Amino acid sequence: MADPSAGRPAYIQRRLVAMTTVVLLVVALTVQVGLDGQVLLAPERSSRTELVVYGVLAALGGVCAAALSRRWRLPGQVRWFGVAVLLGCSVVMSGLLPPHEVLPPDHWSIGLIGWYGLVLLYDLAIGWVCAFLLTHVTAIGLSMVVNGAADELAGMGVTFVSVAGFQVGVALSAQLLRRIAHRAVRTSRAEEERRIREEEAAAAVRNHEQRYADLRRTTIPLLAGLADGRLDPRADTVRRQCAVEAARMRRLLTEGDGAADPLVHELGAIIDVAERHGASVHLSVRGTPGEVPDHVRRALLAPISEALVTVRSQARVTVLHGPEQVRVSARCVAPELPLTPPEQGEVSLVESVMDGQVWLETSWRSR
């Protein structure tokens, strides 16, 4: 059976209640065969009515066993038909016997009918079990009064309280099972959330290590060249490389900020670097942010970043979140050096240059 997370408390509860119902059925059959079998073994002590009721209860136990072997819960038709049969047996045993055969306080049917009632009503609210047992004892008590055995009511009451009281306590265990089910789900959910957090943290560490490794391949040679004089910081090419590496580092540092829209958040870090170099960037965001994988987000922003960090004039950037596609476009002065195409094949790049202006668009289709 499926176990969706949204229904796990009900799932665990059904499993626990089903197993307990099977145990109660075993108890009822054991009581009937082991303790009340004297009805068949000593027919001189029993009337024909008792033998019929005994056989009907045994047949009901067989029906419940067959139903529980096929599914976890008794079908509604079996449940309520069984309750009607039990109440009928209670009335027969208490009301249709001759006055001299009024049920004695320790009669076998008092407890057995209650056990079968538990089997049928255990997975329902405790009120159903109490109502059934109350109806059962009321039928017995009224019969004793009508048949002139009112003086035995006290003894019958003691017997019934000792038997039915224990059965009500068993019925109350259903509430305990529900608490156990919810507690088990909460514990399992907490463990799952902890495991997911650990996996996410490990994945973030691996991702940052990879990103820092990428920076070491590009940033360290640049810094080494500036330090030993091989690169001239006044050269436009070197300054562009420095701006690109600065934007990459800013993007890397902003990845762990937990922003609602990481794509726009990282783009804002790029724009901040561009504006520090004299650009004036206008950002427009449209649509509702969706889930964009980290590697896709980096591929979407890489060409845009290289174009913006070298701009010294006005630029316009637009982010469009669609239901199936994410697009990032930029319009600015055409950079002197060619842009690096996206590394991810999932991201496409469109570049158009006209009158010294470049129009870039990177896009990713989520479906």
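Throughout, read-outs are computed from the coordinates displayed, never taken from laboratory work. Keep in mind that this is a model prediction, so the values were computed, not measured. So basically every Cβ, Gly included, is an ideal-geometry build from the backbone, and we count neighbours across all protein chains shown.
Each residue of segment 70-86 was assigned a 3J(HN,Hα) from its phi angle through the Karplus expression (A = 6.51, B = -1.76, C = 1.60, θ = phi - 60°), giving 9, 7, 6, 10, 5, x, x, 5, 5, 4, 6, 5, x, 4, 5, 5, 5 Hz with x at Gly and Pro.
Applied to segment 237-250, the Karplus parametrisation 6.51 cos²θ - 1.76 cosθ + 1.60 on θ = phi - 60° returns per-residue 3J(HN,Hα) values of 5, 5, 5, 5, 4, 5, 5, 4, 5, 5, 5, 4, 5, 5 Hz, with x for Gly and Pro.
Restricting segment 269-317 to trypsin sites (Lys or Arg not before Pro) that sit in a DSSP loop and have at most 12 other Cβ atoms within 10 Å of their own Cβ leaves Arg312.
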